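The values are calculated or read from the model by the stated rules, or taken from the named source; none is laboratory data. Here the structure is a predicted model, which means the values were calculated and not measured. Neighbour counts are summed over all protein chains in view; Cβ atoms, including those assigned to glycine, are modelled from backbone coordinates with ideal geometry. Surface areas here come from the heavy atoms of the whole protein model, side chains and all, with no ligands, DNA or RNA. Shrake-Rupley method; radii C 1.70, N 1.55, O 1.52, S 1.80 Å.
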Amino acid sequence: MKRLVLPALFILAGCGGGPQPADWQLDAAQSMGLFQRYYLSGDARADAEFLAARRALASTGREDLVARAELVRCAVRTASLEFDECPGFLALRPGAAPAEIAYWEYLIGKRERAAPAEPLGRLVAAGVQLRRKTIRPETIAEAVEAASTQGWRRALLAWLGVQEQRAREAGDADAAARIRRRMDLVSG
Amino acid sequence: MSPEAAMAWFRGWAHAARLALVLAVAGLSPAFYTPRLRATATKQLYFTVWQVFVPFTLFSALLSVVIIEITIRLARGYGLGVYALELVITVLTLELLPLLTALFVALRSGSAIATEIALMRVSGELDAMAAEGVDPMEREFLPRVLAASVSVFMLTVVSCAMALIAAYFSMYGLSPWGFSEFTWTVAEVFTVRQLGSIAIKTVLFGVAVAVIPIAAGLSATRDMKSAPVAVLGGMVRLFFALGLIEVLSLAVKYV
Amino acid sequence: MDKEREKEPGRDGAFTAVPRNLQFRVGLLLGFTLLIAAAFVLYVLYARGVFEPTQRLTLVADNVEGVSIGMDLSFSGFPIGRVHKIELADDGRARIEIVVPVRESRWLRRSTIFTLERGVVGPAKIRAFTGNLQDEPLPDGAERTVLRGDTSEEIPRMVATLRSVLENAQTITANEGSLQASLGNLRLMTQRMAGPGGALSGLLGSEDEAKKVLASIDRANALIASMSGVARKLDAVIDKTDQRVYGRDGLMDGTQRAVGQVNGILAEVRDSLKRVDRILDDAQQVSGNAKAATTDLRALRAEVDASLRKVSALVEEINRKWPFERNTEIRLP
């Protein structure tokens, strides 16, 4: 339902007779939403959606918008414990606004940021914490919960993997076995 | 109890009754009151009363104080102080003290009289008197009866007076303000009927205390061994007689 | 102790010691005792009021149960008189004669009220109440009626009341009584309720009425049904009107010059609706089972394993700081 709010708002604005949202806006918004969901769930359509979104945004010629999309991608990957320097963003860095740069620094782990309440934001924050090695065990468990609640396979597998490694290294064999069974369940 | 013993017992009562009658007749006729009789009576009275007057008074005072204190304290606990006063005066002065006094005199003088008369019989003195033509009635019996009666009367009066004084002090202490209430209670207790009854009771006690021992003593024989038996029998009979008088007085008053 | 002993020749040679002043001593004792006795008697006489003037008071009552001779007349809790005589007068009422010492008679005035109280147990109490102590004193030999209060008299009255209450209860619940009649009506009512007409016939009183009511209900239903039919027809009409007005060849088209702007707006709305359609399609695709998810789980697992391998060093460091604890970390969903 939340995914419909943005388009619905556009429609209502349209009915009100004011300036209509452009096609590219609608397409980009929708594609980005889908990309996030697909990526975290491990759905293979994620990349296609991202490319569609990028194309739509690039048609405006505005680098900041594309940079933002790249950041979203980077964040989603951080949430799934795939750490890198966000090369897509780095390529667009000169044209990026300070807010975006700050967010990139946060994703990198150079900056602190208050974690938002909603699940993706929390997951991203947890990923950042892991990257910075400041994460606490409870946060790992919360990340697993969050990913599990949303049904985000990729992220869930990643975080479960972390737990399994922890259990394995602590010598707790059957906890590790239990986690592995859970991972097997997730990945079919 | 064998029939002979029972008969002897009844005979004893019969003797005592007869003697009492004779003595009564004698006592009521002024001819008997010779100076010698008076002297003997006085002597007997002295022996009966003088030594015990003060000790007995103190004893009865003590007894009264103890009984009154206990009763009034208990009754005060229930808020029945005034009723307790009336009750305790009634019981003490009208019933308990006369009986106690009579028993005391009986114990002391009655036994002595019985023994004396029995010894007179044993020693043959009475026979000698009879031979001389002297009436033992005048010389021995009547004086003793008179003395005993008077001593019972005296001791009763004194002990009752002590009881009343003790009652006042127990109830009101040294304050004079309870006097009217006390007086009221006294008036309630000592009705004409009660006064009459106690007077009669005292007289009866007094007579019994002397007559029955005398009769008992007379039943002795010249055999020395009969003396203690006679005295014993007499004292027992006296005890029962006193009890009987008491019960009769109670029955007449309260039933 | 100077007791001069006189040796009296006793019989058989025995001697009894007799003091000289024997007679004096005996006389002393006797005199003392007599004095006490006399004092006592005088005291009792005084206590009984022989020596003080008294006045008489007669109380008249219907019933002198519980009154005995010698009872007190109390005033403010103090006994001030005594019952001397109780007798039955010629008129059948009882007369209580009370003796009051004159010195106590000042408490009794002309207006004094006398009461005779008797509880359920115990003797009666005669009490005097004086409201005005300045009133004229009560004369000697006065006669007063005494007010009686007897709680034991209340008991018969209570019993009588109780009996009448029970009688009333009996009449109410008797066979022809009002209670039975009410119960009978109630029974009839419930029978009707349970009958074919149901509650309705119970309320209305008969089956016919109930049938009438039901019939009217049916008619109302039919009316509503027909009305809904009418409403549907109306709907159809509105549809047609809609089409005609807003449809392609409708009214609006026909009046394009007048509603040119409206056309434009409507076109926009149409676009928006089309977009909504597309979004809804996608949304359905996303949230529903419209298309099968194109997820290769094995590949996904492989990818995740690869990325985990990259992250393992980080995890090791974290493990050193925070060793694994099964209880806190593994949470059942």
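Filtering the range B:17-51 to residues that are closer than 17 Å to B:ALA112 by Cβ and either of a type in the set (D, E, K, R) or out of contact with any Leu (no Cβ under 8 Å at 6 or more places or on another chain) (or both) leaves B:THR40, B:LYS43, B:PHE47, B:THR48, B:GLN51. Considering C:VAL44, C:VAL99, C:VAL50, the condition of being among the β-branched types (Val, Ile, Thr), crowded, with 17+ Cβ neighbours inside 10 Å, closer than 24 Å to B:SER180 by Cα and within 14 Å of chain B (Cβ to nearest Cβ) is satisfied by C:VAL44 alone. From the list A:ALA126, A:ALA44, A:ALA117, the one residue that fits, being in contact (Cβ under 8 Å) with a residue 40 or more places away in the chain and either aliphatic (A, V, I, L, M) or within 14 Å of chain C (Cβ to nearest Cβ) (or both), is A:ALA126.
For the range C:12-30, which positions are part of a helix (DSSP H, G or I) and either at pLDDT 85 or above or open to solvent by 40 Å² or more (accessible area, probe 1.4 Å) (or both)?
Here is the first cut: in the range C:12-30, the ones part of a helix (DSSP H, G or I) are C:12-13, C:22-30.
Correct list: C:ASP12, C:GLY13, C:GLN23, C:PHE24, C:ARG25, C:VAL26, C:GLY27, C:LEU28, C:LEU29, C:LEU30.
Can you tell me which residue is least open to solvent (accessible area, probe 1.4 Å) among those in the range B:154-187 that are under 15 Å from B:VAL65 (Cβ atoms) and not in a helix (DSSP H, G or I)? Restricting to residues being under 15 Å from B:VAL65 (Cβ atoms) and not in a helix (DSSP H, G or I), the top hit is B:GLY173. If you filter the range C:60-85 down to residues that are exposed (fewer than 12 other Cβ atoms within 10 Å of the Cβ) and over 25 Å from C:GLY131 (Cα atoms), you find that the one that is farthest from the chain's Cα centre (by Cα) is C:GLY70. Mind listing whichever residues of the range B:188-223 are closer than 22 Å to C:ALA37 by Cβ, open to solvent by 10 Å² or more (accessible area, probe 1.4 Å) and not in a helix (DSSP H, G or I)? Passing the criteria: only B:THR191. None of B:VAL145, B:VAL189, B:VAL203, B:VAL150 is in contact (Cβ under 8 Å) with a residue 40 or more places away in the chain, among the β-branched types (Val, Ile, Thr), closer than 23 Å to B:VAL49 by Cβ and within 11 Å of another protein chain (Cβ to nearest Cβ) except B:VAL150. Among the conditions (1) surrounded by 12 or more Cβ atoms within 10 Å (Cβ to Cβ); (2) at pLDDT 75 or above, the only one that C:SER226 does not satisfy is (1). Residue count for the range A:106-138 satisfying the condition of being assigned to a loop (DSSP other than H, G, I, E, B) and either open to solvent by 30 Å² or more (accessible area, probe 1.4 Å) or within 16 Å of A:THR149 (Cα to Cα) (or both): 12.
For A:GLU70, indicate whether it is crowded, with 20+ Cβ neighbours inside 10 Å, more than 20 Å from A:TRP159 (Cβ to Cβ) and within 13 Å of chain C (Cβ to nearest Cβ). Answer is no for this residue. When B:MET224, B:MET162 are checked against the criterion of being modelled with pLDDT under 85 and of a type in the set (A, V, I, L, M), B:MET224 stands alone in meeting it.
Tell me, yes or no, whether the range A:90-107 has at least one residue that is more than 14 Å from C:VAL304 (Cβ to Cβ), touching a Phe, Trp or Tyr at 6+ places or on another chain (Cβ under 6 Å) and at the interface with another protein chain (Cβ under 9 Å from one of its Cβ atoms). Among the residues of the range A:90-107, not one is more than 14 Å from C:VAL304 (Cβ to Cβ), touching a Phe, Trp or Tyr at 6+ places or on another chain (Cβ under 6 Å) and at the interface with another protein chain (Cβ under 9 Å from one of its Cβ atoms), which makes the answer no. The listed residues are C:LEU300, C:LEU251, C:LEU273, and the only one of them that is of a type in the set (A, V, I, L, M), open to solvent by 60 Å² or more (accessible area, probe 1.4 Å) and at pLDDT 75 or above turns out to be C:LEU273.
The rows are residues; the columns are (1) within 14 Å of chain C (Cβ to nearest Cβ); (2) under 23 Å from the mean Cα position of the chain (by Cα).
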| site | (1), (2) |
| --- | --- |
| B:VAL88 | no, yes |
| B:THR101 | yes, yes |
| B:SER123 | yes, no |
| B:VAL134 | yes, no |
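Restrict the check to the range B:67-88 and report whether at least one residue is buried (at least 16 other Cβ atoms within 10 Å of the Cβ), among the aliphatic types (A, V, I, L, M) and under 27 Å from B:ALA147 (Cα atoms). No, every residue in the range B:67-88 fails to be buried (at least 16 other Cβ atoms within 10 Å of the Cβ), among the aliphatic types (A, V, I, L, M) and under 27 Å from B:ALA147 (Cα atoms). Apart from one condition, C:PRO323 fits all of (1) within 11 Å of chain A (Cβ to nearest Cβ); (2) at pLDDT below 75; (3) not in a helix (DSSP H, G or I); the exception is (2). The C-beta contact set for the range A:142-159 (first residue facing chain C (nearest Cβ under 8 Å), second residue open to solvent by 40 Å² or more (accessible area, probe 1.4 Å), distance under 6 angstrom, 6+ apart or interchain) comprises A:SER148/C:PRO333.
Across the range B:36-51, the number of residues qualifying as hydroxyl-bearing (Ser, Thr, Tyr), under 17 Å from the mean Cα position of the chain (by Cα) and surrounded by fewer than 20 Cβ atoms within 10 Å (Cβ to Cβ) comes to 1.
Restricting attention to the range B:22-34, which residues are in a helix (DSSP H, G or I) and either within 18 Å of the chain's Cα centre (by Cα) or among the small types (Gly, Ala, Ser) (or both)? Outline the logic, then answer.
From the range B:22-34, those in a helix (DSSP H, G or I) are B:22-28, B:30-32; that's our starting set.
Within the range B:22-34, B:LEU23, B:ALA24, B:ALA26, B:GLY27, B:ALA31 meet the criteria.
Could you tell me which residue of the range A:160-180 is least open to solvent (accessible area, probe 1.4 Å), considering only residues that are among the acidic types (Asp, Glu) and within 7 Å of chain C (Cβ to nearest Cβ)? This residue is A:ASP172.
Residues in the range A:74-93 that are touching a residue at least 24 places away in the same chain (Cβ under 8 Å) and open to solvent by 70 Å² or more (accessible area, probe 1.4 Å): A:ARG93 alone. Only one of the numbered conditions (1) out of contact with any Lys or Arg (no Cβ under 7 Å at 6 or more places or on another chain); (2) at the interface with chain C (Cβ under 10 Å from one of its Cβ atoms); (3) under 25 Å from C:VAL276 (Cβ atoms) is not met by A:TYR38, and that is (1).
Could you list, in sequence order, the residues of the range C:31-50 that are in a helix (DSSP H, G or I), of a type outside the set (Val, Ile, Thr) and modelled with pLDDT under 90? Scanning the range C:31-50 gives C:LEU45, C:TYR46, C:ALA47. Of all residues in the range B:109-122, none are open to solvent by 10 Å² or more (accessible area, probe 1.4 Å), assigned to a helix (DSSP H, G or I) and more than 20 Å from B:VAL211 (Cα to Cα).
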